[in-house]
Amino acid sequence: MQHESAEIAIVGVGQSDFRALYAKTERPRDAYALAAGALRDAIEDCGIDKNEIDGLICSRVQYDRLATVVGLQNPRFVHDLEGTGRMSGLALQEAVALIASGTVDVVACVYGNNGRSAKVTYGGDGGGPTAAYDEMYGMTSPGAYVALMYQRYRGMYGASEDALAPLAVNNRRHAALNPVAVFQEEFTREDYMRSRFIAEPLRLLDYCLINDGAVAFIVTSMERARSLRKPPVRVAGTAGMAHVTNYYTAEDFFYSACQDVASRLYRQTGIAPEEVDCLQIYDNFTPTILFTLEGFNHAPRGEAWRWVDEKKIHYDGARPMNTAGGHTSESYMQGWAHHVEAVRQLRGEAGARQVPGCATVQYMCASPIVTSHILTTDEAAA
Amino acid sequence: MNVQSIADEYEKLLPEITPENRPYWDGLAAHELRLQCCDECGEYRFPDSEVCPRCLSGSFTWSAVSGKGRLWSWLRMHQRYLSVFDGVRPYLVAYIKLDEGPPVISTLVDPPDELVFDMPVRAVFQPGFSDRTILKFAVESPEPAA
């Protein structure tokens, strides 16, 4: 059956205990065991029969092995997305499109990562299309390409030395309220300024934390969703646009692609940026948050670093942001855990960090594929 | 690491010389920056690729370019990702926009104490930590007053 895209919902979510998984292990953990655990939790969360799942979208794990492990042998549609962070938003978009078109009825989106125990470094190997031409200068790691953007941003807009500190501090303060977050010890702006440089001007506390872990979410029609266990979370709208070059560095900090996505998303949903109750922003490195806030009209261009302050972006402030602790403090789950947090906030399940009266959440990812969704409670339908 | 083992390790970081990219490396050895220039529309591209990203023509000529560009941004790498750089950390990495269009990652030789966005730079041709000549840049000295 075909559906309008706003008639599609996230019904179940599951994720690992990221804090427990940060513990060192002798041998790499099995990403499939982690992924299967997250999927089992997502199924349990919504109470759907496993056999109703007829679409399977995977990232960082592959469908054939995963489907075998979890006994989903006859899905009607499968797709492996590459294991990059830009794919988490795409996974939801693809699930929505598949359900809207009537191709399948229930999609499981599953991510599994054993990056920490397998000692993945995201620097020194692999890399983008020009990696072979960059490493001879010692240039490697995604954070370094973001550092180039931030250096330029800082020069253009006069951002202060400690302009990124509130973002790192905010993530940590929220992580302290999230029992599964890896790093829960709060720090101050001064502590931030004492943390060591990685790719200067970026410091250790600007960086995502590589970990083991898995995330799953289950997507279906709003109609089916209403008879499941938990209140459905409506996908009010979603949009995307690539900005692909030889480098992770975008010379406009992804601004034009973000603007294009933002204008379509806000028009499609009839929701304005100031009406969003909670922001979930892809934060591989803290400057990405500034680029996102400006690209999506939450802050004036060039002023996001002034706009963010620790009170405003705290869960009980005017513009709550990254309420689970984000990639720098909860766990680097490549955007997937941000989706889970969005769902929990809308259901009122976020415990000590619950945003009061949260009815609208926006996920945003400024990266070589820009994606954004607006998710709402059933009642908040535009 | 001694000089020889650094050179050996460094060689592993350099792109393999292939029939497709050899004109680039031959150019550097001759102290010239050569890029593919599209025979149809004149677009320059880097690194080497089969077709013009602007018009998709597969016809191109390796042409010497000015070697001039602007410093778009830079960073200082403190993290130990690649051990051959141990002796020079933290080191400068630059993102340079060539006057002909393509941006390149490189470094600056003898950089001034204060770097300025968009300052003019020019190509220089020097080895890295091994014998092969690689592309680096130097800040253009201001024209002497007449």
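Derivation of every value follows stated rules applied to the coordinates shown; laboratory data play no part. The model shown is predicted, which means the values in this text are computed figures rather than measured ones. Positions of Cβ are backbone-derived with ideal geometry, glycine not excepted, and every protein chain shown enters the neighbour counts.
Projected over all directions and averaged, the alpha-carbon convex hull of the range B:18-65 occupies 3.0 nm². Determine the shape class of the range A:239-313: with a ≥ b ≥ c the square roots of the Cα gyration tensor eigenvalues, call it rounded for a/c under 1.5, and otherwise prolate if a/b is greater than b/c, oblate otherwise. In terms of gyration-tensor shape, oblate. Kirkwood-type hydrodynamic radius, the protein assembly as shown: 24.4 Å, calculated from all non-identical alpha-carbon pairs. Peptide A:138-147 has a mean shielding of 6, counted as Cβ atoms of other protein chains within 10 Å of each residue's Cβ.
Largest first, the three principal axis extents of the alpha carbons in the range A:50-105 are 28, 26, 13 Å in whole numbers. Placing dummy labels 7 Å off each Cα toward the beta-carbon, the span from B:Leu56 to B:Asp118 is 3.5 nm. The mean number of partner chain beta-carbon atoms within 10 angstrom of a residue's beta-carbon across peptide B:93-100 is 3. Take each peptide in A:26-32, A:281-287, count the other Cβ atoms within 10 Å of every residue, and average; sorted highest first, the result is A:281-287, A:26-32.
For A:Ser227 and A:Asp309, the FRET efficiency from 1/(1 + (r/R0)^6), where r spans their Cβ atoms and R0 equals 60 Å, is about 0.85.
Taking a ≥ b ≥ c as the square roots of the Cα gyration tensor eigenvalues, the range B:1-132 comes out oblate, since a/c reaches at least 1.5 and a/b does not exceed b/c.
Centre-to-centre, using Cα atoms only, the range A:1-31 and the range A:305-382 are separated by 16 Å. You can think of it this way: the chain between A:Ala132 and A:Val244 has 38.5 nm of extra reach, that is 0.36 nm per residue less the Cα-Cα gap. Counting only residues at least eight positions apart within a chain, or on another chain, the aspartates and glutamates with an alpha carbon under 12 Å from that of B:Lys68 are B:Glu32, B:Asp99, B:Glu100, B:Asp118, B:Glu140.
Peptide B:79-88 has a mean shielding of 5, counted as Cβ atoms of other protein chains within 10 Å of each residue's Cβ.
For the range A:61-72, the Karplus equation 6.51 cos²θ - 1.76 cosθ + 1.60, evaluated at θ = phi - 60°, returns couplings of 10, 10, 4, 5, 5, 5, 4, 5, 4, 9, x, 10 Hz by residue, with Gly and Pro reported as x. Taking all Cα pairs closer than 8 Å and separated by 6 or more residues, the relative contact order of chain A comes to 24 percent.
Classify the range A:274-382 from the C-alpha gyration tensor, please: rounded if a/c falls under 1.5, else prolate or oblate depending on whether a/b exceeds b/c. Verdict is rounded for the range A:274-382. Each peptide in B:3-13, B:92-102 was scored by the mean count of other Cβ atoms within 10 Å over its residues; highest first, the order is B:92-102, B:3-13. Two numbers describe the Cα atoms of the range B:66-140: Rg and Dmax, which are 12.4, 34 Å.
Note on chain A: helix-only mean residue ellipticity at 222 nm, from DSSP H runs of 4+ residues weighted -39500 (n - 2.57) and normalised by residue number, equals -9500 deg cm²/dmol.
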